[in-house]
1. Take the stretch A:47-68 and flag every residue that is touching a residue at least 40 places away in the same chain (Cβ under 8 Å) and either open to solvent by less than 10 Å² (accessible area, probe 1.4 Å) or not in a strand (DSSP E or B) (or both).
2. Quick check: is even one residue across the stretch A:194-204 out of contact with any Leu (no Cβ under 7 Å at 6 or more places or on another chain), within 14 Å of chain B (Cβ to nearest Cβ) and in a loop (DSSP other than H, G, I, E, B)?
3. Could you name every one of the helices (runs of 4 or more DSSP H) located completely within the stretch B:158-249 that has at least 2 residues being touching a residue at least 60 places away in the same chain (Cβ under 8 Å) and within 14 Å of chain A (Cβ to nearest Cβ)?
4. So, residue A:305, is that one among the hydrophobic types (A, V, I, L, M, F, W, C), out of contact with any Gly (no Cβ under 8 Å at 6 or more places or on another chain) and in the same structural domain as residue A:646 (by TED's automatic domain parsing) or not?
5. Are any residues in the stretch A:481-530 on the phi > 0 side of the Ramachandran plot and either open to solvent by 40 Å² or more (accessible area, probe 1.4 Å) or without any contact (Cβ under 8 Å) to a residue 40 or more places away in the chain (or both), and if so, which ones?
6. In the stretch B:379-400, which residue that is out of contact with any Asp or Glu (no Cβ under 6 Å at 6 or more places or on another chain) and within 8 Å of chain A (Cβ to nearest Cβ) is surrounded by the most Cβ atoms within 10 Å (Cβ to Cβ)?
7. For the stretch A:711-762, give me every one of the helices (runs of 4 or more DSSP H) that falls completely inside it and has 1 or more residues that are under 25 Å from residue A:680 (Cα atoms).
8. Within the stretch A:72-91, take every residue that is outside any loop (DSSP other than H, G, I, E, B) and facing another protein chain (nearest Cβ under 10 Å) and give me the one that is surrounded by the most Cβ atoms within 10 Å (Cβ to Cβ).
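The values are calculated or read from the model by the stated rules, or taken from the named source; none is laboratory data. No experiment lies behind these values; they were computed from the predicted model shown. Counting neighbours? That spans all protein chains shown, and the Cβs are built from the backbone with ideal geometry, glycine included. For the accessible areas, the whole protein counts, side chains as well, though only heavy atoms, and no ligand, DNA or RNA atoms are used. Shrake-Rupley method; radii C 1.70, N 1.55, O 1.52, S 1.80 Å.
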Amino acid sequence: MNTATQVDTITVTINGETIEVPKGTRIIQAAQQLGVEIPTFCYHPRMLPNAACRICTVEVVKPMNKMFMACSTEMMDGMEVLTDSPRTLDDRRTNMDLLLTQHPLDCPVCDKGGECKLQDYSVKYGSSENPFETKRKDFPEDIRSTLLDFNSNRCILCGACIQVCTDIQKVDAIGFSKRGFITVVGAPMGEALDCEFCGQCMDVCPVGAITSRYSKYKFRPWQEASHQTTCTYCSCGCQYDLRSVDGEVSRVVPIEGVGPGEGSLCVKGHFGFHFMEDEERLTKPLVRRGDKLVEATWDEALTEAARGLMAAKTSGGGSALAGYVGGRLANEDIYLFSRLMRGVLESTNLDSTLRMGGINGVTAAYAATGQVGMMNSFDELRAADVTLLVGSDLTEEAPICGLAVKDTITRGEKPVLTVDSMRTEIMRLGSQRLVITPGSEVAVIKGLVKAVVDEGLIDEQVATRYPEAVAAIRDQLSGTYKEIETPTGLAKADIIEMAKAFAAGDKGVILAGPRVTGGLKGHSAFAMLIDLAFLTGNLSGNGGGVNALTVENNELGLALMGMAPELLPGGAPWSDSDARQQVADAWQCELPDFAGLPLVDQLEAMREGKIKAAYVLGTDPINALPSDMKAAASFGALDFLVVQELFLSETAKCANVVFPAQSYAEREGTFTNMEGRTQAIVKAMKAPGKARADWQIIMELSRELGGPLSYTSAEEIREDMAQLVPQFATLDETNADRAGGRQAALESYLDGAYVADMDYRYDLPAKLNEASSHEMHLYVGDSLFHSGVLSTHNWGLMKIDSVDTLVMNSREARKLKIREGDKVRLTSDQGSAVVPVKMDTRVQPGSLFFPKHALNRDVTNLAGTTISSATEGSAPLYKFVRVTLESVD
Amino acid sequence: MSNNSARHLLLRHRDVPEIYRLENYVREGGYGTLNQVLGQVSREEFIEWNAVANLRGRGGAGQPVAKKWRRVADVPGQRYVIANGDESEPGTFKDKELMEENPHQLLEGVILCAYAVKATKAIIYVRLEYELAQERVAQAIESARAAGMLGPDILGTGVELECELFVSGGAYICGEQTALIESVEGKLPIPRPKPPFPTVSGLWGRPTVVQNIETMAAIPLVVTETPEGFAAIGAAGTPGPKVFSMSGHVAKPGNYEVPTGTTLRQLIEMAGGMTGGTRFKAALTGGAASAFVTADHLDLSLEFDTLKAIGAEFGTGAIMVFDEHTCMVSACQSLLRFFRDESCGKCTPCREGTRMMHDWLARLEDGGGTLADVDALSRLSGSIPGTTCCALADGACMPVTSALNYFLDEFRYHIDHGHCPPNERPMVMPHDAIAGTFPQGECPEGMPEPPDPLSKETALPR
């Protein structure tokens, strides 16, 4: 051990101070360890050194005397470096003089003024008077893109923006054109920039050459208040600094090296900061007077809500009440809501947006590992030897998780295998791909497991240690590949090849998106993926694992708080009487031994008059669900409806009482991301009008109802939550850090219910081969620029992407003589819708894509919703629709 | 074209007509070294032959080839060999002639080099404007492949090599080995930080050896002349035959093959002496990216080390001769305009420095300069070398530093009088100085300036 360390470390000296560093350490890294500052423009800790700006020059005095770039030079044993010798300072001064001679020095009107490296270094390293003099650049500013402005005069051509676009974001949206001193940075062929708008080029720019139109001239850095918080859009849970001037958000700034994204942000997190200040925010409680909602005081609204809910309880007991909650609320809100509904109102009819499919990832993972959420952290995704991505357009749905996977491709040169009905970005970058018939994920997954079993790819240790479990899986796979080839449109050989590629990696990571857990037989499909990981030895704590990707930012919080009739806080099933008793003890109440109704049954019970009152928080079922689920009729049939929201949603318009809630930026709390990492949100700005934090509203309502809930802060609630679900005690810890108990959970699962579960798991659903008179497959899903309806309240994001367009394959469109922007009519068995079209090769011929967030609900309403069985999560399946497409003149 | 009567080892076409045809080359014993070396001599031993021959790269840096080949990383997998024919150094046109007229000798060298470093893929990278060279190299590759000198089993020796022609994108910087590799990968030709050197991580991240065309063409000579015989040719420090491209104010510009160690005076004499009997003033010995030498250095033996000792460069062996009527300020300005336009723009000192040095030289030449400009020139040309990623900026500073050193009076004259000294004419070197002669302007008007690259019209598209 000792000798090994000696081989791997070297001793180096910087400015006379000696330090031991690992072999391969570069000068700048060693200097940072010693707290020695070396100036840099183009260097970025997450990118390979480019050594373009040459400002980090240092003098090496041993073993040779020469100037070296600190960013790119790997140190040798015994190396001695001076970072501020006269020669170094001289070179730096020349460099600064050269830059300042051409720089426009328009600092007073430059957004970067005050946090500009060129400014800072010119004070530190420049001359007091510039000895050089020449003509300055006079390029017109490129303001053609929607969001990012390029000022080539300020640009010092360090290339960091291009490198971040190529190496980290991997979209190659910008590059150099021309050469030498007239080089400019911009989109190819001099076109206006139209990209993913992650904005990272702007973040890494050391000067003010790239600026955001949404923030331009709105701030001076020293005027800004700064608050580190957690993003509210997708389930990646990125950390960022929400900056504001006089209580108004000025911009979002990433924090290098912090949080799951390590400093990367996507367009939503970076530029979707306008919804909090949207004029349509609810500012006062509303109560129904006749057919109108009128403003009321909090006391009036709370009393009225309590009266209405209590009336339902008195007439029909707890089962006459229902609760439905969205995945954007903080853990503390969800916890109190659970206690209110289950403990105070004694109702078990409690459901959430997990029902849309996420529930399947939760229950299947809990059964096998005793945990909910991803098994692997993003760090482990980056370190994977092989990645299998099924049923997710990752870079659109969870862009930052997508960056971790992209990292394994281009930096790690590791295989990424994709199975999808869309030709996703990762699929294009990855090494092997299976493009399948939309909706046939479950069949491919079965095929992959079959190939592992048939081709002798089972991990040897697994085979010896768990012969019964392996035999149980093998028994289910005696059929031929025909049943897989027909619905998926794949060839047997391709499936076998992919299974081999997956089995070949030491650390295999599986990622399953919403098209798996929210698809046909979602629970079984995800359980099969767990089998696949089990058989290939990736559940043995080797850094591999199976990961269900969640959609909403706090979807995992819903799961951890047991926000579904079949779940308890912590993720245990409601049927687990011990666990149930534990919750009852903690809450000092009785919990009935029957489970409540899932969403679709709740809706029916509302229409039948069995459920008389409901409380809906942070979600808009009437808008979100397709019309054939009759949500409007169901909520309309209620005696009493309470809605708690940021905006007057479609559901809120039907309510008897509407509570205005505070957004994530206006209150304290925590979100739990897909890695199981709980992170804080903070009060960064003032809430509009009289809006209150969700947990406060629930607590006050509970008080009106005579309940016991009493807290003074979100922190206090979290302490309580941690009693029940210990992982809430620690922030910023992922499931990967809590992997300890997994093995024991797996063993007990394999010994227990496993073999019985098998009987049903591998039967493919008949619906896979269902014929339809409609030729095209439409998928309604998430898109990069939006996240549910929330993001459509951002004028900034709407400026980038506001038109609800159907995406179709470019070649197919050409064949049908349909051009970009043309309108087409989609017809399904349910009805028809007219929408404009855009082209993309991302969609395969025969398929169509429509964004889920769209304000145009006609397309969503084309769905003929079926509900999966209770074992498959009672999920409404409506995202895959068979349609006929015709052009409209 | 033959200027000297001695047997040519590199410019063999001057002795044997149409040696670019395979049959003629083979008839003259060409490709004979393959049977002697491939599978007969171990790779290590063959590298040792080159070490004994002390063959040094002819592209500019003069690195011993054996040293470079030994540094090729010992990792499994693909390796590459690239013959660098992007000859863009002003005044250099030796590779052009070698590729056009004697391509098989080059290819033979490529095969031997690939054998030495276990490469199975080779690329001959030819400058965009060299159309005939591209044609001849392509023909040579094709005919050699048909005759079994390339392919999975070269001449039955079991050695594998595929070779292809790659036509450069057309920029001076493409000749820098890492920029060249970037351009083969389909990217902009921007030099990479080094280390890692291409011998460790080159084309597609694989070990890659890049050698100049003339170097490749000299490799077979190590076998045919024997290593010891090769080492005995010319100067001991830089042995072997060498092609010098003579250009400028000489009567017969062109390529001259001589043993190394020949003096500048001898070469000028071979090239027919000074044009019109004028007096010699200065010369650049290694292309544009080298220092001026003066009449004091006429009898210096031309070798890597002797030139380095006086602050000049052996470089590519391109000798540009300037007569007594040349205005050295304008000569510097011309050179700097070239470097300014050809700087890739990556490193700050090069991108900004070449441009500013050009601007100040232009101001001096136009008579509007001051002593402050000369000070600034002196400071920049002294501090830029060694601070950039590749050698372009170092090369750009050399003519300036040496001109300030030898011809400071001329700079002063411009400042004091506002024009060139009497009897001197401004000189404008064409960017593609492949013809070997300079056009000359009349003072005070020179060649028309190219459009201002900073103007709004040319800056951004639209």
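1. Passing the criteria: A:47, A:48, A:50, A:52, A:53, A:54, A:55.
2. The answer is no; no qualifying residue exists.
3. Working: elements: B:177-184, B:213-224, B:227-231.
Where helices (runs of 4 or more DSSP H) fall fully within the stretch B:158-249 and carry at least 2 residues being touching a residue at least 60 places away in the same chain (Cβ under 8 Å) and within 14 Å of chain A (Cβ to nearest Cβ), they are B:177-184.
4. On the way: among the hydrophobic types (A, V, I, L, M, F, W, C): yes; out of contact with any Gly (no Cβ under 8 Å at 6 or more places or on another chain): yes; in the same structural domain as residue A:646 (by TED's automatic domain parsing): yes.
Here the answer is yes, as residue A:305 does meet what is asked.
5. Initially, the stretch A:481-530 is screened for residues on the phi > 0 side of the Ramachandran plot, giving A:489, A:521.
Result: A:489, single match.
6. Step one: list which residues in the stretch B:379-400 are out of contact with any Asp or Glu (no Cβ under 6 Å at 6 or more places or on another chain), which gives B:379-384, B:386, B:388-389, B:391-400.
This time we only want the ones that are within 8 Å of chain A (Cβ to nearest Cβ), so: B:379-380, B:383-384, B:386, B:388-389.
On the way: B:379: 15, B:380: 26, B:383: 20, B:384: 28, B:386: 16, B:388: 25, B:389: 25.
Per the criteria, the residue is B:384.
7. Values: elements: A:714-724, A:742-751, A:754-761.
So the answer is A:714-724.
8. Step one: list which residues in the stretch A:72-91 are outside any loop (DSSP other than H, G, I, E, B), which gives A:74, A:80-82, A:86-91.
Subset that is facing another protein chain (nearest Cβ under 10 Å): A:74, A:87, A:90-91.
On the way: A:74: 16, A:87: 17, A:90: 16, A:91: 23.
So the residue we want is A:91.
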